[in-house]
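**Student:** Quick one: this structure, given as structure tokens, is what I'll be asking you about.
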Amino acid sequence: SIAIYDGRCRINDGGEFIDKDGKRAEPVVVKDLARSMGSQIVDLGAGMDTDTLWFIILDIDRGTKYNDLCISEIAFYGQRQ
């Protein structure tokens, strides 16, 4: 599972995402990813106006051999308005 926040928020001293008014920010999207190899699409919706995205990994499956996390590629598609 991942949560994605946009650049309109920031992280406070307690590690929480907050908006410009200091209130707790909600993620743009929370997505449970498939437990398989291959491409997966996460739709961030229309009208985003930010140059920054924060990706938070919420949940992982532990491997039986290695203690690591692998993200092989992230690509962004769309148009800037």
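The values are calculated or read from the model by the stated rules, or taken from the named source; none is laboratory data. The shown structure was predicted, so the numbers you read here are calculated from the model rather than taken from an experiment. Here the Cβ positions follow ideal geometry from the backbone for every residue, glycine too, while neighbour counts run over all protein chains shown. We work out accessible area using only protein heavy atoms, side chains counted, and drop any ligands, DNA or RNA first. Shrake-Rupley method; radii C 1.70, N 1.55, O 1.52, S 1.80 Å.
**Student:** Quick check, is A46 farther than 16 Å from Y77 by Cβ, open to solvent by 50 Å² or more (accessible area, probe 1.4 Å), of a type in the set (A, V, I, L, M) and at pLDDT below 90?
**Tutor:** Taking the combined requirement at face value, the residue does not satisfy it.
**Student:** Within the stretch 56-72, which residues are at pLDDT 85 or above, closer than 16 Å to S1 by Cα and in a loop (DSSP other than H, G, I, E, B)?
**Tutor:** Result: L58, D59.
**Student:** For R35, state whether it is among the charged types (D, E, K, R), part of a loop (DSSP other than H, G, I, E, B) and touching an Asp or Glu at 6+ places or on another chain (Cβ under 7 Å).
**Tutor:** For R35, the condition - among the charged types (D, E, K, R), part of a loop (DSSP other than H, G, I, E, B) and touching an Asp or Glu at 6+ places or on another chain (Cβ under 7 Å) - is met.
**Student:** Looking only at the stretch 28-43, how many residues end up being open to solvent by less than 70 Å² (accessible area, probe 1.4 Å) and over 16 Å from F76 (Cβ atoms)?
**Tutor:** Of the residues in that region, 3 qualify.
**Student:** Right, here's the next one. From (1) surrounded by 10 or more Cβ atoms within 10 Å (Cβ to Cβ); (2) farther than 13 Å from I4 by Cα, pick out the condition that doesn't hold for A25.
**Tutor:** (2)
Here is a yes/no grid of residues against (1) out of contact with any helix residue (DSSP H, G or I) (no Cβ under 9 Å at 6 or more places or on another chain); (2) outside any loop (DSSP other than H, G, I, E, B); (3) not acidic (D, E):
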position	(1), (2), (3)
G14	yes, no, yes
I41	yes, no, yes
A46	yes, no, yes
D51	yes, no, no
W54	yes, yes, yes
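**Student:** For the stretch 49-66, give me each residue that is of a type outside the set (D, E, K, R) and open to solvent by 60 Å² or more (accessible area, probe 1.4 Å).
**Tutor:** Hits for the stretch 49-66 are T52, W54, F55, I57, L58, I60, T64, Y66.
**Student:** While we're looking at this one, here's another question. What are the residues in the stretch 1-22 that are in contact (Cβ under 8 Å) with a residue 40 or more places away in the chain and open to solvent by less than 50 Å² (accessible area, probe 1.4 Å), if any?
**Tutor:** S1, I2, A3, I4, Y5, D6, G7, C9
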